[in-house]
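Enquirer: My questions all concern the structure below.
The values are calculated or read from the model by the stated rules, or taken from the named source; none is laboratory data. Source: prediction; values computed, not measured. Note that we place each Cβ from the backbone using ideal geometry, even for glycine, and neighbour counts take in every protein chain shown.
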């Protein structure tokens, strides 16, 4: 399984990025998170994709 955390300013570009991942077979994982950095609202959304690849991330392997 592959995992990504997509972050960015909460705007139409961020939504388009998430939509592209969903169209490419990724699935939402959990709820989105938002925070305010003093200038902009920043959004974060985890996504996952099932596969048989041996992915190294954060020092761990499948």
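Enquirer: Restricting to the stretch 1-24, count the residues that are without any contact (Cβ under 8 Å) to a residue 40 or more places away in the chain, surrounded by 10 or more Cβ atoms within 10 Å (Cβ to Cβ) and under 23 Å from residue 51 (Cβ atoms).
Expert: Number satisfying all stated conditions: 7.
Enquirer: Of the residues that sit in the stretch 31-59 and are surrounded by 12 or more Cβ atoms within 10 Å (Cβ to Cβ) and assigned to a loop (DSSP other than H, G, I, E, B), which one is modelled with the lowest pLDDT?
Expert: 55
Enquirer: From the list 13, 62, 20, which one is outside any strand (DSSP E or B) and at pLDDT below 95?
Expert: None of the others qualify; the one that does is 62.
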